[in-house]
Amino acid sequence: MPIVYKPEYTMAALLKLDNVSKTFGDREVLHGVSLEVAPKEVVFLVGPSGSGKSTLLRFCNLLEHPSSGAVLFEGADILKQKNVNALRQSVGMVFQSFNLYPHMTALWNVAIALRLVQRKSAREAREIAHHFLAEVGLAHRGSAYPAELSGGQQQRVAIARALALKPKLMLFDEPTSALDPELVGSVLDVIRKMRHEGMTMLIVSHEMQFAREAADKVVFLDQGRVVEAGAPAALFGNPQQQRTIEFLSRFSLAGSHG
Amino acid sequence: MGRFVDQFINPVIWARYWDEMLGAIGLTVQLTLLVLLTGLLLGLVLGLIRVAVPPLFRIPIVIFADVFRAIPPLVILVVNYFALPFAGIRLSGFDCAWLGLCLVLAAFTEEIIYGGLRAVGKGQWEAARSTGLGSVTTLMLIVFPQALRMTVAPLTNRTIAIAKNTALGSVIAVPEILNIAMSALSNSANSTPLTMAALFYIVLFAPLIVFSRWIEHRFPQRG
Amino acid sequence: MDAVLTNFANGDILAITWRPLLAGLAQTMLLSLLVIPLGAIAGLLIAALFVVSAGLARVLLMVWIDFFRAFPPLVLLIYLYFGAPLLGYEISAYAAIAVSFTLNTSSYFAEIFRAGIEGVPRGQWHAARATGMSWLQSFFVIVLPQGTRAVLPDLLSNIITITQLTALASVVSVPELLHTAQLAQATSYNVTPIIAAAVIYLALLWPLVRLMSHLDARRYSTKLSAAATQRRRRQETADE
Ligand SMILES: Nc1ncnc2c1ncn2[C@@H]1O[C@H](COP(=O)(O)OP(=O)(O)OP(=O)(O)O)[C@@H](O)[C@H]1O
Ligand SMILES: [Mg+2]
């Protein structure tokens with residue numbers, strides 16, 4: 001199993017969730033969760049459906065606001081930060097359902113934020129977009145509309161869209177769950193490549209085999225609480241908590257992608 | 001403020017025209033119901049005929065639907081009222097309004113029903129026919145019910161929009177709400193009758209609008 | 001046959017009325033070009049307010065929309081035109097038309113835009129906001145174009161309705177097509193001008209009506225496939 005680099009745990013955390021909770025109506029779905037992601041670290045967030053993984057992820061670019069607790073990005077509390085849109089350029093997000101803009105070509109899906117948010121010229125925006133489409137192996141598909149692309153291609157365009165803004169942190173919310181099995185590999189390859197290049201990532205995924213291979217740290221979330229966290233070898237090989245064991249037993253780690 | 005009350009909600013004027021306005025409501029309701037009944041029925045029949053007959057026979061129906069969807073309803077009423085007598089057909093203002101609005105509603109209904117019937121896939125026809133159902137049976141029992149679900153929301157909206165056009169009857173001397181209110185306005189030099197008319201229309205049509213919202217929610221047109 | 005021609009398609013009468021009729025057509029188109037943008041912009045604004053509002057504000061907006069959808073536009077026009085002077089405010093026929101038709105048509109536009117915008121998946125907002133776009137940018141560049149495309153047939157239908165609506169201006173003596181035709185009829189004792197007006201309306205709106213049928217047919221077919229996709233999704237969710 002190729003572990004390409006050793007993350008430096010001594011460095012200050014890039015992202016730090018400190019005791020965050022979330023209440024929807026009168027139901028608390030996250031109960032004081034804390035989590036750290038160091039620079040260049042790849043953290044996997046796993047857990048059963050409804051445990052609050054997506055909600056936690058969405059705190060990190062303020063698509064959702066915690067009811068209490070703090071979210072620190074590069075040491076600064078983002079809840080107090082005025083320019084949310086600046087933060088969102090530093091934190092890229094990839095969604096389970098891709099959410100590509102159906103009325104724009106792949107190229108413009110990537111270029112539009114460069115143009116409108118970063119105020120680049122149309123030409124420069126297109127050039128950058130093309131570069132990042134090439135990065136995800138889609139240099140030749142720039143003029144295609146999302147409906148003309150396979151699910152795996154769509155998700156790679158979505159990754160390019162996030163990467164083009166040169167984020168310091170990438171969030172993935174089940175990036176492969178909506179894909180046919182044979183298309184999953186192409187997306188995981190892109191994530192592998194990003195890891196190799198030192199991108200900091202927080203990934204919600206049910207691809208346990210991939211987590212085991214690519215994670216520096218795995219966090220198991222259940223019913224709004226962190227049950228267990230640690231290096232993948234430890235968490236998968238020797239889980240300490242009964243709930244972790246039960247959850248992992250549902251996945252056959254024998255099968256593998258890529 | 002006093003002047004506003006005096007001009008727009010004057011109790012004396014209100015009482016004076018109350019009975020007459022109530023009579024006008026009766027006529028408006030009567031006209032509306034007649035238009036809905038005949039217009040929807042005619043449109044439905046035309047829509048069903050249009051899918052059932054060979055292409056050549058569809059042309060007159062298409063022309064009918066296009067003409068009565070394109071010409072403004074008010075123009076149709078005016079033509080009925082002023083031109084038909086020259087063709088030897090003498091109709092009261094009420095009948096002119098009924099005929100005109102009925103044809104307009106029928107045209108829109110035909111188009112909506114036909115669109116819905118066409119949208120039910122070929123597979124449904126083939127499946128039904130392969131089990132030995134006749135074409136008319138297939139149309140009425142298999143295809144039509146599916147089409148109706150799809151068309152009920154646009155049909156409701158269109159029907160309400162056309163029902164509101166009964167107010168146009170005032171232009172061709174139909175003594176409905178607006179017509180009575182306008183003559184009361186010129187007799188009394190006071191807007192209170194118009195306020196009454198406005199309130200009556202709101203009372204008549206607001207429930208229909210709310211109903212159409214419910215229908216749209218219940219039978220959404222878009223997925 | 002001769003009698004029909006003399007009564008309904010009288011060449012002599014057409015010869016003296018075609019100029020005023022064309023002037024009337026110009027007025028009709030002018031009124032449409034005034035009311036359509038006013039109604040569409042006001043409607044878009046109401047729809048945008050509706051999307052961002054919640055609670056009581058949202059209910060009030062809906063009441064506003066439904067109130068003006070229930071209010072027949074002719075009644076509104078007459079109320080304004082004949083009612084305002086009794087309060088001491090002279091109001092021009094054009095102003096009365098602009099106000100009453102904008103109130104009426106903006107409510108319909110608002111309903112159409114709202115339905116279109118709400119039909120755009122939430123994920124589109126999230127994706128746009130996640131790349132740092134502002135609310136306005138997300139709304140105008142990402143959500144509105146998709147929402148508008150979905151309701152194109154309804155927008156077209158509303159535009160046709162508004163053009164037909166301008167015939168009501170004849171009631172307040174604006175010299176648009178219908179009013180011009182009625183005047184010509186009254187002076188010539190012949191219905192040819194009215195028939196001619198009807199034919200002109202038909203020529204003006206028939207292409208739009210055809211286009212509407214065409215777009216509707218396309219929507220029905222995409223609606224069927226959308227329903228199938230949704231059924232499949234529901235199935236998948238149930239399987240989880
Ligand atoms: N906007 C919302 N309003 C109310 N409840 C919500 C909302 N968003 C999420 N929830 C609830 O919060 C809980 C956690 O949701 P979340 O989407 O974070 O879970 P998840 O771990 O991502 O699950 P999944 O694996 O199914 O995606 C769920 O019970 C969900 O129903
Ligand atoms: Mg989730």
Next item on the list: With runs of 4+ DSSP H residues as the only contributors, calculate the mean residue ellipticity of chain A at 222 nm using -39,500 (n - 2.57) per run, divided by the residue total and rounded to the nearest 500.
Entry: -10000 deg cm²/dmol
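Which of the trypsin sites (Lys or Arg not before Pro) across region A:74-118 are loop residues per DSSP, with 10 or fewer other Cβ within 10 Å?
A:LYS80, A:LYS82
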Next item on the list: Using every Cα-Cα pair within region C:2-239, state what percent have a distance larger than 23 Å.
Entry: 62 percent
Margin query: Can you give the local net charge around B:SER191? Use residues other than it whose beta-carbon is closer than 12 angstrom to its beta-carbon, Lys and Arg +1, Asp and Glu -1.
Written below: 0
Check: Counting only protein chains, not ligands or nucleic acids, how are A:ASP189, A:ASP26, C:ASP12 ordered by accessible area (probe 1.4 Å), most first?
Finding: A:ASP26, C:ASP12, A:ASP189
Notebook entry, point to check: Whose amide H sits under 5 Å from the amide H of C:ASN10, counting only residues 5 or more places off or on another chain, with H placed in the peptide plane?
Noted result: C:THR192
Margin query: If you fit an axis through the alpha-carbon atoms of helix A:106-116 and take the longest principal axis of the Cα set of chain A, what angle between them do you get, 0 to 90°, nearest 10?
Written below: 90 degrees
Margin query: Relative to 2.2 N^0.38 Å, what does the C-alpha radius of gyration of region B:69-133 come to as a ratio? Two decimals please.
Written below: 1.77
Note to self: Please give the charge dipole size of region B:11-218, origin at the Cα centre, charges +1 on K and R Cβ atoms and -1 on D and E Cβ atoms. Round to the nearest 20 debye.
What the structure shows: 560 debye
Next item on the list: Could you work out how far apart the two model spin labels at C:TYR94 and A:ARG250 are, taking each label as a point 7 Å from the Cα in the direction of the beta carbon, and quote it in nm?
Entry: 6.9 nm
Next item on the list: Hey, can you grab everything whose amide H is under 5 Å from the amide H of A:ASP222? Only 5+ residues off in sequence or another chain; H modelled, so Pro and N-termini drop out.
Entry: A:VAL227
Notebook entry, point to check: What does the convex hull of the alpha-carbon atoms of region B:11-218 project to on average, in nm²?
Noted result: 14.0 nm²
Check: Taking the Cα centre of chain C as the origin, how large is its charge dipole in debye, to the nearest 20, when only Lys and Arg (+1) and Asp and Glu (-1) carry charge on their Cβ atoms?
Finding: 880 debye
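Based on Cβ point charges of +1 for Lys and Arg and -1 for Asp and Glu, what charge dipole magnitude is obtained for the protein assembly as shown about its Cα centre, in debye rounded to the nearest 20?
With Lys and Arg at +1 and Asp and Glu at -1, about 980 debye.
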Note to self: As a test question: what accessible area, to the nearest 10 Å², does A:TRP108 have when a 1.4 Å probe is rolled over all protein chains in place?
What the structure shows: 80 Å²
Note to self: Just to confirm my numbers, what's the Cα centroid distance between region C:147-202 and region B:134-213 in Å?
What the structure shows: 20 Å
Next item on the list: Starting at the first residue of region A:231-236, write each ³J(HN,Hα) from the Karplus equation 6.51 cos²θ - 1.76 cosθ + 1.60 with θ = phi - 60°, in whole Hz, x for Gly and Pro.
Entry: 5, x, 4, 5, 5, 7
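Arrange the residues B:ASP6, C:ASP216, A:ASP216 by how much accessible surface each exposes, largest first, with a 1.4 angstrom probe.
Numbers: B:ASP6 85, C:ASP216 45, A:ASP216 15 Å².
So, going from the largest accessible area down, we get B:ASP6, C:ASP216, A:ASP216.
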Notebook entry, point to check: Got a number for the accessible area of A:LYS120? Probe 1.4 Å, square angstrom, nearest 10.
Noted result: 50 Å²
Note to self: If DNA, RNA and ligands are ignored and the probe is 1.4 Å, what is the ranking of A:GLU74, A:GLU228 by accessible area, most exposed first?
What the structure shows: A:GLU74, A:GLU228
Check: Which of A:HIS140, A:HIS131, A:HIS196 moves most in a GNM of chain A, Cα contacts under 10 Å?
Finding: A:HIS140
Notebook entry, point to check: So which DSSP H runs in chain C come out at 27 Å plus along the axis (Cα) with average Kyte-Doolittle of at least 1.6?
Noted result: C:11-52
Check: Accessible area of B:VAL210, 1.4 Å probe, to the nearest 10 Å²?
Finding: 90 Å²
Notebook entry, point to check: Which angle from 0 to 90°, rounded to the nearest 10, does the C-alpha axis of helix B:192-218 make with the longest principal axis of chain B?
Noted result: 20 degrees
Note to self: Run lengths n ≥ 4 of DSSP H only: what is the helix-derived mean residue ellipticity at 222 nm for chain C, with -39500 (n - 2.57) per run over all residues, to the nearest 500?
What the structure shows: -28000 deg cm²/dmol
Next item on the list: Find which of A:SER205, B:PHE211, C:LEU31 sits farthest along the positive direction of the dipole of the protein assembly as shown, computed with +1 on the beta-carbon of Lys and Arg, -1 on that of Asp and Glu, about the Cα centre.
Entry: A:SER205
Note to self: Positive end of the dipole of the protein assembly as shown, charges at C-beta (+1 Lys, Arg; -1 Asp, Glu), about the Cα centre: which of B:ALA52, A:ALA122, C:VAL120 has its Cα farthest in that direction?
What the structure shows: A:ALA122
Next item on the list: Run through all the Cα pairs of chain A and give the fraction in each 5 Å bin from 0, expressed as whole percent.
Entry: 1, 6, 13, 17, 19, 17, 13, 8, 4, 1, 0, 0
Check: Using the alpha-carbon centroid of each, what span in Å lies between region C:102-116 and region B:1-73?
Finding: 21 Å
Check: Under the definition of partner shielding as Cβ atoms of other protein chains within 10 Å of a residue Cβ, what is the mean value for peptide C:194-203?
Finding: 4
Check: Taking a ≥ b ≥ c as the square roots of the eigenvalues of the Cα gyration tensor of region B:76-194, is the shape rounded (a/c under 1.5), prolate (a/b larger than b/c) or oblate?
Finding: prolate
Next item on the list: Compare the Cα positions of C:TYR79, C:MET62, C:LEU178 along the charge dipole of region C:2-239 (+1 at Cβ of Lys, Arg; -1 at Cβ of Asp, Glu; about the Cα centre) and return the one farthest towards the positive end.
Entry: C:MET62
Notebook entry, point to check: How big is the convex hull of the Cα atoms of region A:1-120, per residue, in Å³?
Noted result: 176 Å³
Check: Taking the Cβ of B:ILE9 as the center, what net charge do the other residues with Cβ under 15 Å away carry, scoring Lys and Arg +1 and Asp and Glu -1?
Finding: +1
Next item on the list: Return the average number of partner chain Cβ atoms within 10 angstrom of each residue Cβ along peptide A:234-243.
Entry: 0
Item checked: P(r) tail fraction, region C:39-87 - alpha-carbon pairs more than 14 Å apart, % -> 63 percent
Item checked: Globularity ratio of the protein assembly as shown, using Cα Rg and 2.2 N^0.38 Å -> 1.20
Next item on the list: Could you calculate, for region B:1-101, the ratio of the Cα radius of gyration to the Kirkwood radius, expressed as Rg to Rh?
Entry: 1.19
Check: What does the average come to when, for each residue of peptide C:133-143, you count the partner chain Cβ atoms lying within 10 Å of its Cβ?
Finding: 3
Next item on the list: Report, in degrees rounded to the nearest 10, the 0 to 90 angle that the Cα long axis of helix B:177-188 makes with the longest principal axis of chain B.
Entry: 10 degrees
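The values are calculated or read from the model by the stated rules, or taken from the named source; none is laboratory data. These numbers come from a predicted model, not from an experiment. As a convention, Cβ positions derive from the backbone with ideal geometry for all residues, glycine included, and neighbour counts pool all protein chains shown. What goes into the accessible areas is simple: the full protein's heavy atoms, side chains included, and nothing from ligands, DNA or RNA. Shrake-Rupley method; radii C 1.70, N 1.55, O 1.52, S 1.80 Å.
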